[in-house]
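Peer 1: I am attaching a structure below and will ask some questions about it afterwards.
No value in this document is a laboratory result; all are computed from the given coordinates. These numbers come from a predicted model, not from an experiment. Heads up, the Cβs are rebuilt from the backbone with ideal geometry, glycines too, and the neighbour counts pull from every protein chain shown.
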Amino acid sequence: MRKASVRTSLFILLAASAVLVAFSLIGCSFSGSGDSPESGSSQDSVDYTLIEEGKLTVASDLATPPFEYADDSGEPQGFTVELMGMIAERLGLELNYLPAQKFDGIIPSVKQGVKTDVGACNITITDERKQEVDFTDPYMDSNQGVAVAKDSGHEQASDLNQAGVKVAVQSGTTSEEWALENLPQAQTVNFDDWTAAFTAVMSGQCQAVVCDLPVEQWMVSNSFTDMEIIEEISTGEQFGIAVSKDNPGLTQAINEALADIRAEGIYDELYEKWFGAAPSESAGATADESASGDEGSDAAASNTDASDAGESADTATQSSTEAQGVLSSVTATARSNEDGGSAVLGGIATRLAWGCITGTDEGDVSQITLQLPDGGSFEDTSVEATIVSDLDRTQVQAQARVSNSSLVIDFDQPIPAGSELSIEVEGVLFPSTAGAYTVGGAYTTSDGTQHDLPESPTIAVSESTWVQDAVSWLDNQAWVDAWNSNPFLGMFFKPQYVVTSIASLFQGWGTALLVTVIGFPLAIPVGLLFAFLKMSRNRILRAVGVTYINLLRGIPLFLQIYIAFFGMPMLGFNLPNLPLGIAVMAVNTSAYLAEIFRAGIESIPKGQMEAASSLGMNKIQAMGLVIIPQTVRRVMPTMTSEFVMLYKDTSLLSSVGVMELMMFSKNLTATTGNITPYICAALYYLVVTIPLIHVVTKAEKKMASEEGGRQ
């Protein structure tokens, strides 16, 4: 038997290796120009490939009105849908929208290049996403908005930055990044889509939602009229159409079509149709300008001249923070630089976002010096300076130079007094030692007077972890580059993401285990109770048991979760997410266990009960000492399967903001555009299910052997 077991194990190992090699070869076949996709061109000079001849195939979540959504008949509608139709028409193609996709799967699907040509669903252009796919020129400027229920008492976003406040976001979006960076004291709750996020606020599960401003305005005006937007946040984000890096011709063709649509004024007409106003001129900026600053010492070039900047500054004093006589209202945040996490790590480059309002009595500001604490440094001089006026952003020209741990920024034209100024600096290293650090410095006015900058709010910095060290080591390995160059291996088994995912998913795995380990034992007595009710001779009790079991087994678990999480708070039962998730899973599982117990009890020969009665036992004693033990032995395999199902079904809780295993993997996949986090999540599931099945199989054999020996 031992030799047979070894042979079986070797066979399984070889088979798995063969499958992996086969998929790798398949991945290689997709890395070329592609013989299977059909070729096309908008002009003779622009060649590209298509998934289906004569069609431009688009992937979208169809869940962000007014950009893209499905109407009552299931047909795609919205601003982006019509824009893609215009682009397809310019290319001489038929528009083909795929059925609604999950947001976190769109970029991987585009990169794969097998099911879709492009992804178009409010995808913000970011450096991380540009590592996986190409982006067209941006087709939309977008800021962020913060919305709350009316009469909530929250008047501005800063009111939400306190313990006990829950902020709803869509997982893997720049809205989530903004909330984590700017509302660190609040708890960020992730949802699969915006509808669920807004519903969570209306039900009382969350206190606010951070969302792309155009989507938020639509939601508040049409679907969630009892909510209001308390703050509109200028972020300078831009949406682009995602295209595979292996299909640069298609990117160029779409850019040409977009340029023609803008030049002919059709874009403006479409924008006004859906949003009721003319678009901002800055929407025509290039993708490269939106995603990063200039590499030299010059900051990103201004889109307007100095006089325009002055005019913009005249209205800046009407912003959410009122100007004072001296420079004030200093803000400072740092973007997370932890691979697979949300912390700011010391000694590793990050982006610093610093802001202030220049004083009305001090004159224009010609120079600002940002000073990091001891041990901090600036790696380069990539700086973007912007004057913010309400939701308008006017970039200003500046030169930057590093002086020890300071960054000196000289503006080509002084910043007018009373302006709201935003400065974003790349390549900022905070001290390696963990701590809460501030950013200080000085500023110089046009008359040459130098003043000290007020200290910024503190930024929490953590020490670099072994995960970050491992990723840095992998980044420098030649074999890793060769591995990642294979499309299949790079998408599903990227070594850097394997390391970060295993570390990041551990917390979610613990939550999934906790729900299962607590929920299943709770479900057993409830299931046994309703099994007895269903077998009762009392008609009323039997009806209660039948109704309970049939309802819970007949209604999808996903819907039960939604009813519990969004309905119960409206009835005054506002439980924390984790206990509520455990309760829902336990109740659902109890219905299935009830049927398992009922079938097991009825499978015991009636003679067993009669024999127990002849020994002087009453019904309760007979059931507890004779029938139930035999039932447990018989239903053990089925109960094990139900335990495994419960463990896997915890993934459904991710749709309502429970931070379990699948929610963590969704966030990582949506942020990186890579499937590796899902593969690592599968490993976490297997590490529990396979040993459990093996142990139960042995236990079954042992019990069967003991029962055979007694016979």
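Peer 1: Kindly write out, for the stretch 418-427 in residue order, the coupling ³J(HN,Hα) from the Karplus curve 6.51 cos²θ - 1.76 cosθ + 1.60 (θ = phi - 60°), rounded to whole Hz, with x marking Gly and Pro.
Peer 2: For the stretch 418-427, the Karplus curve yields x, 8, 8, 10, 10, 10, 10, 10, 8, x Hz.
Peer 1: Starting from 0 in steps of 10 Å, tell me what percent of the Cα-Cα pairs of the stretch 430-498 lands in each bin.
Peer 2: Result returned by the calculation: 17, 25, 18, 19, 15, 7, 0.
Peer 1: Which translational diffusion coefficient, to the nearest whole µm²/s, is obtained for the stretch 515-638 from the Stokes-Einstein equation, given a Kirkwood hydrodynamic radius over C-alpha pairs, 37 °C and 0.692 mPa s?
Peer 2: The calculation lands on 206 µm²/s.
Peer 1: Could you run the Karplus curve 6.51 cos²θ - 1.76 cosθ + 1.60 with θ = phi - 60° over the stretch 661-676 and give me ³J(HN,Hα) per residue in whole Hz, x for Gly and Pro?
Peer 2: Once rounded to whole Hz, the list reads 4, 5, 5, 4, 5, 4, 4, 5, 5, 5, 6, 8, x, 10, 7, 3.
Peer 1: Counting only residues 5 or more places away or on other chains, whose amide H sits under 5 Å from the amide H of LEU56 once H atoms are built in the peptide plane?
Peer 2: Placed amide hydrogens put GLU94, LEU95, ASN96 under 5 Å from LEU56.
Peer 1: Among LYS130/LYS150; LYS130/LYS166; LYS55/LYS245; LYS102/LYS494; LYS130/LYS494, which pairs are too far apart, with a Cα-Cα distance over 28 Å?
Peer 2: Among LYS130/LYS150; LYS130/LYS166; LYS55/LYS245; LYS102/LYS494; LYS130/LYS494, the Cα-Cα distance tops 28 Å for LYS130/LYS150; LYS130/LYS166.
Peer 1: Which lysines, if any, have their Cα less than 28 Å from the Cα of LYS702, not counting same-chain residues under 8 positions apart?
Peer 2: LYS3, LYS606, LYS648
Peer 1: On to the next question. For the stretch 121-211, which GluC sites (Glu not before Pro) are in a loop by DSSP, counting at most 14 other Cβ atoms within 10 Å?
Peer 2: Answer in residue order: GLU155.
Peer 1: Once you place label points 7 Å from the Cα toward the Cβ at GLN477 and LYS115, how far apart are they in nm?
Peer 2: Reported label-point gap for GLN477 and LYS115 is 3.0 nm.
Peer 1: Principal axes first, then extents: for the Cα atoms of the stretch 427-470, list largest minus smallest coordinate on each axis, whole Å, largest first.
Peer 2: Sorted from largest, the Cα extents of the stretch 427-470 read 51, 19, 11 Å.
Peer 1: Shifting gears a bit: Given 10 Å bins starting at zero, what is the percent of C-alpha pairs of the chain in each, up to the one with the largest pair distance?
Peer 2: The calculated distribution, bin by bin, is 3, 12, 20, 22, 19, 11, 7, 4, 2, 0, 0.
Peer 1: OK, next. Going by how many other Cβ atoms sit within 10 Å of their own, how do GLU264, GLU216, GLU94 line up, fewest first?
Peer 2: The order, fewest Cβ neighbours first, is GLU264, GLU94, GLU216.
Peer 1: A further question on this structure: If I model a spin label at LEU541 and THR438 as a point 7 Å from the Cα along the Cα→Cβ vector, what separation in nanometres do I get?
Peer 2: Here the answer is 7.1 nm between the modelled labels.
Peer 1: I need the P(r) histogram for the stretch 478-531: all alpha carbon pairs, bin width 10 Å from 0 out to the longest distance, whole percents.
Peer 2: It works out to 21, 25, 19, 16, 13, 5, 0, in whole percents.
Peer 1: Let me ask another. At a temperature of 25 °C and a viscosity of 0.890 mPa s, determine how fast the stretch 306-464 diffuses translationally according to Stokes-Einstein, using the Kirkwood radius over alpha-carbon pairs as Rh; express D in µm²/s, rounded to the nearest whole number.
Peer 2: Taking Rh from Cα pairs, D becomes 155 µm²/s.
Peer 1: Can you give the local net charge around TRP274? Use residues other than it whose beta-carbon is closer than 12 angstrom to its beta-carbon, Lys and Arg +1, Asp and Glu -1.
Peer 2: Local charge sum for TRP274: -4.
Peer 1: Can you give the convex hull volume per residue for the Cα atoms of the stretch 456-581, as a whole number of Å³?
Peer 2: Spread over its residues, the Cα hull of the stretch 456-581 gives 223 Å³ apiece.
Peer 1: Given the C-alpha centroids of the stretch 541-619 and the stretch 381-438, what is the distance between them in whole angstrom?
Peer 2: 60
Peer 1: Among the trypsin sites (Lys or Arg not before Pro) within the stretch 521-567, which fall in a DSSP loop and have no more than 10 other Cβ atoms within 10 Å of their own Cβ?
Peer 2: In loop regions of the stretch 521-567 (DSSP not H, G, I, E or B), the sparsely surrounded trypsin sites (Lys or Arg not before Pro) are ARG537.
Peer 1: Using r as the Cβ-Cβ distance of MET636 and PHE532, and R0 as 25 Å, what FRET efficiency do you calculate, to the nearest 0.05?
Peer 2: About 0.80, to the nearest 0.05.
Peer 1: Measuring from the lowest to the highest alpha carbon on each principal axis, how far does the stretch 495-710 reach, largest first, in angstroms?
Peer 2: Each principal axis gives a Cα extent; for the stretch 495-710 these are 68, 48, 22 Å.
Peer 1: Using alpha-carbon pairs under 8 Å, 6+ residues apart, how would you state the relative contact order of the chain in percent?
Peer 2: 13
Peer 1: Tell me, in nm to one decimal, what length is gained between LYS698 and PHE573 on full extension, where the rule is 0.36 nm per residue of separation less the Cα-Cα distance?
Peer 2: Going from the current span to full extension adds 40.6 nm.
Peer 1: Could you line up ILE368, ILE233 from fewest to most neighbouring Cβ atoms inside 10 Å?
Peer 2: ILE233, ILE368
Peer 1: So, one more: Over the Cα atoms of the stretch 570-694, compute the convex hull volume and normalise it per residue, giving Å³.
Peer 2: For the stretch 570-694, the hull spanned by Cα atoms encloses 136 Å³ per residue.
Peer 1: Mind listing the phi-derived Karplus ³J(HN,Hα) values for the stretch 553-561, rounded to whole Hz, using 6.51, -1.76 and 1.60 with θ = phi - 60°, and x for any glycine or proline?
Peer 2: 3J(HN,Hα) across the stretch 553-561, in whole Hz: 7, x, 8, x, 4, 4, 5, 4, 5.
Peer 1: Over the Cα atoms of the stretch 52-198, Rg to Rh with Kirkwood Rh, two decimal places?
Peer 2: Result: Rg/Rh = 1.02.
Peer 1: Once you place label points 7 Å from the Cα toward the Cβ at MET617 and ILE555, how far apart are they in nm?
Peer 2: Inter-label distance under the simple model: 3.8 nm.
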